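The values are calculated or read from the model by the stated rules, or taken from the named source; none is laboratory data. The structure presented is a predicted model; accordingly, all values stated were derived computationally and were not measured. Note that we place each Cβ from the backbone using ideal geometry, even for glycine, and neighbour counts take in every protein chain shown. With ligands, DNA and RNA removed, areas are computed over all heavy atoms of the protein, side chains included. Shrake-Rupley method; radii C 1.70, N 1.55, O 1.52, S 1.80 Å.
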Amino acid sequence: TSCPRILSASLQSIPPRDAGRSKRKGTSMLSTSKVAVESTGSGLAVKASCRDFEITFDEPCEMGGTNEGMNPVEGVLCSFAACQTIATLIFAGAQGVPLESVRIEAEGDLDPDGFMGINPDVRNGLQEVRFTVHLKCADEEAAKKLADLAEKQCPVSDCLANPVPVVRTSLVIE
């Protein structure tokens with residue numbers, strides 16, 4: 001599909017997604033994203049959907065899955081790298097930075113002993129996320145500033161770096 005190009009120096013001027021509901025908080029507009037994830041009946045594979053898109057997540061065979069898709073932690077890393085990439089593209093366009101291409105490589109460490117409850121001293125999730133930014137740009141100084149801005153403004157990076165309340169709103173037994 002084709003969408004109108006929206007380039008802005010500020011994320012606040014980008015209209016909220018129409019897929020979620022929006023509400024005001026002070027002078028800011030909140031946009032709520034909504035997803036649904038359901039088991040597929042094939043081992044540990046699940047199908048995640050948001051708007052008109054679907055992704056299959058699974059675990060590798062050695063973890064009891066059927067390897068039909070990336071695992072959720074790999075999905076978090078992909079979301080992080082995608083967000084960094086998109087933020088870089090948005091700000092490059094908004095600031096007139098001559099960016100030819102951007103590529104982000106990300107990796108993270110997970111100790112399964114935490115998730116599996118084997119070691120209560122080990123965190124359940126990622127221990128650290130590391131990433132490398134590759135920018136093809138004729139202006140080296142602008143590229144450095146652009147990478148710093150994208151890193152600072154990336155919403156997924158913010159979610160990983162700062163605690164986000166996780167609230168189960170209900171439990172439905174069917």
message: Could you work out what % of the accessible surface of segment 29-104 is carbon and sulfur, using a 1.4 angstrom probe and leaving DNA, RNA and ligands out of the count?
response: 56
P(r) histogram, all alpha-carbon pairs of segment 46-140 included - 5 Å bins from 0, percent: 3, 11, 15, 17, 17, 14, 10, 7, 5, 2, 0
- line: Contour minus Cα-Cα span, Phe115 to Ser28, at 0.36 nm per residue, comes to 27.7 nm
- line: Taking a straight Cα-to-Cα line shorter than 13 Å from Lys47, and setting aside same-chain aspartates and glutamates fewer than 8 residues away, one finds Glu38, Asp58, Glu59, Glu68
task: Provide, for q = 0.19, 0.22, 0.29, 0.30 Å⁻¹, the log10 of I(q)/I(0) from a solvent-free Debye sum over equal Cα point scatterers in segment 60-109.
output: -0.70, -0.81, -1.05, -1.08
statement: Per DSSP, the loop-located trypsin sites (Lys or Arg not before Pro) within segment 105-147 having at most 14 other beta carbons within 10 Å are Arg123
message: With every protein chain kept in place and ligands, DNA and RNA left out, what is the accessible area per residue of segment 42-174? Probe 1.4 Å, answer in Å².
response: 68
- request: For segment 90-173, count all C-alpha to C-alpha pairs, find those more than 17 Å apart, and express that count as a whole percent of the total.
  value: 63
